Amino acid sequence: MHARRRDNINCFQINLQHSRTATSNLGQLINQHNVDITYIQEPYTINNKLVGLPRFHKVYTFGDGRKRTAIVISNDQLDATLITQLSNEDCVVVEVRSEAVKFYSVSMYFDIRRDIEEDIRQLEKVMDYTKGNGLLIAVDSNARSKMWYDTITNQRGKILEEFLICNDLYVLNEATGTPTFQSNRGSSHIDLTVTNSRLVRYVSDWICGEEESCSDHNIVNFKIASLDNGKGKMSYMGVRYITNQEDYKKFHTNLASNFISTFNCINKTDANKLDEELQGKAKQYNTEDLIHDCFSCVTAACNTSFRISKGRKLKTRRTVPWWNDELKILRKKVNALRRRYQRTLNNEDLRHERKLQYNEGKRQYQSKLQEEKFKSWQKYCSSTEESNPWNAIYKIASGKLKVQPA
C-alpha cells in the first residue's frame, strides 16, 4: 500500500506559557493529529533554548535572550529556511517550501508591557520582505477587538485594527464561541491568525479549543491547501521504473506478447496487422474491462522489462515513549469536561460547578502526564548496562549524546 499524499498542511497555534507540561502535551498532539507546522508563543525553555519536544522535530528560534516565539516543522516534505534578518526572540520568520507550495510563516509575541507600535513596525518589515508571496502570521497580540469576536475593543485593539485594514490583511479567527485565552482572571480573543490576500483563499477550517492544551491559551487548528505556483511538479506515489533505450526494446516485445495472449490474437509477427486486429477486438469489450486488461498488459510488460526504483523512504512519525492508554482516556475526559463547562452559559451556579470539575480533571491529567514521563525516564536509565561505564547515561551527562530535556 502506498503512502497517502495529503493535499493540506495541518497547522497548530498555541501559547505554551513556558509550561513544561503543556509542551509535553503538545508533542503528543502533534503526532496524534499529524501536524505539519506549529506556531508557538512563550515556549518552554531552559538556558534560553526551547526544550521538551521530541528531537525529530525541526525547531526554529532566534536570538540570544529568552525565546518567546518558535516555529516547529514536523513534516519532512516541507523545506524551511529561517529568515535571520527579520527574526528575534519575539518574532520568528521562516520560508516554507515544497514541490507545490511556497509561503512565509511568522510566529510573533506582542508584549503587553511594550508599545504595540513597536511590534507593528516589526510586522511592516516582514511585509516589505515577503511582498508578493503568501504570508501567514500567528500572533499572541495581547490586543482585544470586536473585529476578531472579542467582547470589547481596547486601545491596543484599535491600533492593530487600523494597521490590518490599511495593509489588506485578513484575520482568520472565527466566531466559534470559544475564547483563545481563558483563565480564572477572565477570557479574551488575543491569539490571532492573520494572512494576506495572496494566501487567504488557501487557509481553511480554523477552529479553537478542540483539544486540551494544559495552558490558559487554547490550541488553534487550521489548514493550508497546496498553492499552484506554476512551478510545482506532480508527486506520483505509485511504482517508478528505471528505464533506458535497450530496455524499451524489451518492453515493446513483452507488451506485444502480453496483448497477443490476453486478447487471443492471430497475427503474432506483423505489428501493423496486430494493431488492426486489436482495434477490432476492442469493439467487442465494454470500456471498463478493456481498460483493465490493457493496464494489466502494460504493467506486466514494465515489470518484466525495467528495474523498479526504490525511491525515497517515507519516514513514519514517531510517538513519545511515555504515552499510554490511561493518559489517552484522561485527556478525552478533560476535553469532555471542558466542552461541558464552556457550553454552560445560562446557569451561573452550574457553570461554576462544572468549571471546578474541569480544573480538577485538568490537574489530574497534568499530574499523570508528568508521572508517566518520569517513569519512562527511570526505565530508560535502568535498562542500560550498569557494568558499562560508557553507557547512554554517561554520554548524556557528558554532553556526548544530545538529548533534549523532557
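Table for the structure above
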| read-out | value |
| --- | --- |
| Residue of 250, 375, 158 that the Gaussian network model of the chain assigns the largest fluctuation, springs spanning Cα pairs under 10 Å | 250 |
| Top of 193, 81, 45 by mean-square fluctuation, Gaussian network on the chain, Cα under 10 Å | 81 |
| Selection of chymotrypsin sites (Phe, Trp or Tyr not before Pro), segment 259-353, meeting DSSP coil and at most 10 other Cβ within 10 Å | none |
| Entries of 328/362; 102/131; 332/375; 58/368; 332/368 with Cα pairs more than 18 Å apart | 332/375; 58/368 |
| Under 12 Å from residue 333, Cα to Cα: aspartates and glutamates that are on another chain or at least 8 residues apart | 211, 212, 360 |
| Cα→Cβ-extended label distance, 7 Å offset, between residue 249 and residue 129, nm | 5.8 |
| Candidates 267, 142, 254, ranked by Gaussian network fluctuation over the chain, Cα under 10 Å, top entry | 267 |
| Label-to-label distance, nm, for residues given as residue 146 and residue 241 (7 Å Cα→Cβ offset) | 6.7 |
| Potential lengthening between residue 76 and residue 300 on full extension [0.36 nm per residue; Cα-Cα distance subtracted] | 77.3 nm |
| Contour excess over end-to-end distance, with Cα ends at residue 370 and residue 64 and 0.36 nm allotted per residue | 107.3 nm |
| With at most 13 other Cβ atoms within 10 Å, longest stretch of the chain clear of loop GluC sites (Glu not before Pro) (DSSP) | 1-384 |
| Paramagnetic label zone (point 7 Å from Cα along Cα-to-C-beta, residue 175; backbone N under 15 Å) in segment 136-165 | 145-152 |
| Theoretical gain in end-to-end length, residue 291 to residue 51 [0.36 nm per residue, Cα-Cα removed] | 80.9 nm |
| DSSP-loop chymotrypsin sites (Phe, Trp or Tyr not before Pro) across segment 8-103, with at most 12 other Cβ within 10 angstrom | 56 |
| Reported label for calculated log10 I(q)/I(0) by the Debye sum over Cα atoms at q = 0.07, 0.10 Å⁻¹ given (1) -0.48, -0.79; (2) -0.44, -0.76; (3) -0.59, -0.87 | (1) |
| Positive minus negative residues near residue 254 (Lys, Arg vs Asp, Glu; Cβ under 15 Å) | +2 |
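Values in this text are rule-based calculations from the coordinates and carry no lab data. Fair warning: this is a prediction, and the values are worked out from it, not measured in the lab. Neighbour counts run over all protein chains shown; Cβ positions are idealised from the backbone, glycine included.
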